[in-house]
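Here's the structure, in structure tokens; my notes come after.
The values are calculated or read from the model by the stated rules, or taken from the named source; none is laboratory data. Just so you know, these numbers come straight off a predicted model, no measurement behind them. All Cβ positions, even for glycine, are placed from backbone atoms using ideal geometry, and neighbour counts span all protein chains on display. Please note that ligands, DNA and RNA were not included when accessible areas were found on the heavy atoms of the full protein model with its side chains. Shrake-Rupley method; radii C 1.70, N 1.55, O 1.52, S 1.80 Å.
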Amino acid sequence: MNAELTLQLNQLVDGLADEGYAVVDNFLSSEEVNQILQLEEFKNGHRQFKKAGIGKSQDKQINEAIRGDYIQWVKPEEAEPPLQVYLSKLTELISFVNQQLYLSLKDFEVHQTIYPIGSFYKRHLDQFKKDDKRKLSVICYLNENWKEEEGGQLRIYLPNGSKDIFPLAGRLVCFRSDLLEHEVLPATRERLSLTGWLLDSLRV
Ligand code: OGA
Ligand code: MN
């Protein structure tokens with residue numbers, strides 16, 4: 001593993017252990033982010049993606065009031081090289097975190113995500129009530145030159161207050177899926193990311 005990634009993963013493990021979340025900048029380089037943004041799917045914008053749902057009940061209106069993002073699941077076997085770069089870093093992350101925090105993460109699931117202008121995702125937890133295999137949430141942002149006044153921050157709710165994290169290109173955020181409530185605030189600009197979960201059993 002290269003020295004920079006080792007440093008970043010140490011930082012991530014410390015954050016998770018001490019505070020239940022971690023922010024790692026430049027997890028992807030701007031070149032790596034650019035390669036991902038060149039992919040057909042992202043270039044075509046959210047019209048090619050599917051409207052994201054909540055749970056199994058697909059009541060459109062309720063859904064719309066809760067989340068407005070569009071997603072496309074990544075099939076690891078078919079993923080194009082720029083996404084493979086990200087997935088292989090996630091694989092390294094899993095084995096590092098397993099060693100350092102004595103976890104037994106076994107797999108990941110990742111979707112490409114687009115929040116159209118003005119869309120949001122209300123305060124929630126990532127773990128489903130009837131399915132607890134999601135242990136850690138990992139999100140990598142793909143927005144070059146994001147400015148704070150454009151909004152779109154991830155707001156996480158900690159015991160002693162909330163904290164805002166802006167979706168800067170290459171930045172990775174990781175947190176406990178069962179514990180950390182969070183929301184995505186609306187932005188004045190399309191907001192792109194790779195959203196994923198580290199699982200303690202194989203994805204179906
Ligand atoms: C999610 C989510 C946060 C973000 O997709 O469940 O909370 O910053 N995403 O995109
Ligand atoms: Mn979430």
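Worth pointing out:
- Residue check: R123 meets all listed conditions (1) open to solvent by less than 70 Å² (accessible area, probe 1.4 Å); (2) assigned to a strand (DSSP E or B) but one, namely (1).
- Of all residues in region 123-170, those that are of a type in the set (S, T, Y) and within 12 Å of ligand 2 (Cβ to nearest atom) total 2.
- Checking every residue in region 75-91 against the condition of being part of a loop (DSSP other than H, G, I, E, B) and surrounded by 15 or more Cβ atoms within 10 Å (Cβ to Cβ) gives at least one match.
- Which listed residue, of L158, L168, is more than 12 Å from ligand 1 (Cβ to nearest atom) and either in contact with a helix residue (DSSP H, G or I) (Cβ under 6 Å, 6 or more places away or on another chain) or within 22 Å of L16 (Cα to Cα) (or both): L158
- Among (1) at pLDDT 95 or above; (2) farther than 21 Å from L154 by Cα; (3) surrounded by 13 or more Cβ atoms within 10 Å (Cβ to Cβ), the one test that A22 misses: (2)
Here's the yes/no breakdown for (1) out of contact with any Gly (no Cβ under 9 Å at 6 or more places or on another chain); (2) within 14 Å of ligand 1 (Cβ to nearest atom); (3) assigned to a loop (DSSP other than H, G, I, E, B); (4) free of Cβ contacts under 8 Å to residues at least 60 places away in the same chain:
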residue: S104; (1), (2), (3), (4): yes, no, yes, no
residue: E109; (1), (2), (3), (4): no, yes, no, no
residue: I114; (1), (2), (3), (4): no, yes, no, no
residue: V138; (1), (2), (3), (4): no, yes, no, no
residue: E149; (1), (2), (3), (4): yes, no, no, yes
residue: L192; (1), (2), (3), (4): yes, yes, no, no
residue: G196; (1), (2), (3), (4): yes, yes, no, no
residue: S201; (1), (2), (3), (4): yes, no, yes, no
